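Read the structure below first, then the notes.
Every read-out reported here was derived from the displayed coordinates using simple, explicitly stated rules and does not represent laboratory data. Note that the structure is predicted; figures quoted are calculated from it, not measured. Here the Cβ positions follow ideal geometry from the backbone for every residue, glycine too, while neighbour counts run over all protein chains shown.
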Amino acid sequence: TIKTEGNQNNELGLPRTMFRIGKETQYAVVEMGMSHAGEIERLSKCARPDVGIITCIGVSHIGNLGSQENICKAKLEICAGLPEGAPLVLNGDDPFLRKAVLPDHVRPVWFSLGDENADVCALSIQQDEKGMSFVLEDHEEGTFLVKIPAMGRHNVANALAAYCAATRLGLNARRVIAGLADFEQTGMRQKVVHVRGVDVIEDCYNANPDSMKAALAMFREYPCKRRFALLGDMLELGDISRAAHEEVGRQAVENKVDYLVTYGEQAKRIAVVAAAKGLPTLHADTYAQAAEALLNKMQPGDALLVKASRGMALEKVLEIFYKE
């Protein structure tokens, strides 16, 4: 099995993945990204996938596409390269996907967190320090207990999407579930680092309003004494940027963050709203200032969530934090 490396998901990166397919390759998992309409159509026609997955309709690149309805249409361009009768795995909890008009040649497979009318659903979802556990109900294959080494309900949705794609391609359901139990997070995607008695959740590979909301909801359930968050800008949000960052400030309060550090011009809005609601907050102008604030306040048993868009390079704060 080969997969897209890093963020090589555009018109240059996807062909590089395709060129790695050899005679011994059984499966290729190919990510298709876009920032404008028409891009996924070209990628799908190039890759010619046997199954497609759309996990959600968020607001990334809304500055280019104008609305979530247009983002939905752009993501559905994946159907352009799918053959007749191919499974199209869709998030049944996403209102834009539920309202979407699907092409006749694909076979929708719906997954959901809690809706037993979906083809595949997750029930009895629980989180602990090792990850998530849930009951998976599949109308075709039966009921299974699933454990994944990743935190947050959004990762349960990701697991369901992977399960749907694999089983509808003909893989054995129990083998797929065993694989989910063994997968490893890549890069800085919710990687947990233990240092000086503190748990650092490195989730700074990228960020948008949906992933930020999911990360803070996950963090609320994380077992620790106090919750610290280092949050930076979410980029490429266009006209909704101010409102989106202010909403993150509200979410930080709602999800019981004990101390907030922000970094970046747009992240100032996070700090302003959170501070106005009584959350102890510092807006840092430099990486060193952010690291110093955390080092001065954090104690063994605390946990730190670090999240921002890739361009904010918050790992530079962590480099200082880890050295001290």
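Tabulated data for the structure shown
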quantity: Difference of contour (0.36 nm per residue) and Cα-Cα distance, Ala288 to Thr1; calculated: 99.2 nm
quantity: Longest to shortest principal axis, alpha-carbon extents of the stretch 247-291, angstrom; calculated: 28, 19, 14
quantity: Area projected by the alpha carbon convex hull of the stretch 73-214, averaged over all directions, nm²; calculated: 9.6
quantity: Order by protection proxy (mean Cβ within 10 Å, highest first), peptides 54-60, 33-39; calculated: 54-60, 33-39
quantity: For the stretch 191-323, fraction of C-alpha pairs farther apart than 19 Å, in %; calculated: 41
quantity: Contour minus Cα-Cα distance for Thr25 and Gln68 (0.36 nm per residue); calculated: 11.9 nm
quantity: Reported label for calculated P(r) over Cα pairs in 10 Å bins from 0, in percent given [x] 5, 19, 22, 14, 9, 7, 6, 6, 6, 4, 2, 1, 0; [y] 6, 24, 32, 25, 11, 1; [z] 6, 24, 32, 21, 11, 5, 1, 0, 0; calculated: [y]
quantity: Using alpha-carbon coordinates, inclination of helix 153-168 to the longest axis of the chain, degrees; calculated: 20
quantity: At 1.306 mPa s and 10 °C, Stokes diffusion of the stretch 137-191 via Kirkwood alpha-carbon radius, µm² per second; calculated: 134
quantity: Nearest-ten-degree value, helix 241-254 long axis tilted from longest Cα axis of the chain; calculated: 70
quantity: Of all DSSP beta bridges in the chain, antiparallel share, percent nearest 5; calculated: 35
quantity: Virtual spin-label span in nm between Lys99 and His36, 7 Å along Cα→Cβ; calculated: 2.7
quantity: Angle between the chain longest axis and helix 287-297 axis [Cα atoms, degrees, rounded to 10]; calculated: 70
quantity: Segments 302-312, 171-181 sorted - mean Cβ within 10 Å per residue, highest first; calculated: 302-312, 171-181
quantity: Residues of type aspartates and glutamates that Lys213 reaches as a straight line, Cα spacing below 14 Å, ignoring anything fewer than 8 places off in the same chain; calculated: Asp203, Glu221, Asp233, Glu246, Glu247, Glu254
quantity: Out-of-range pairs (alpha-carbon distance over 27 Å; input Lys23/Lys130; Lys99/Lys147; Lys268/Lys297; Lys73/Lys268; Lys23/Lys45); calculated: Lys23/Lys130; Lys99/Lys147; Lys73/Lys268
quantity: Burial order of peptide ranges 67-78, 12-23 (average beta-carbon count within 10 Å, highest first); calculated: 67-78, 12-23
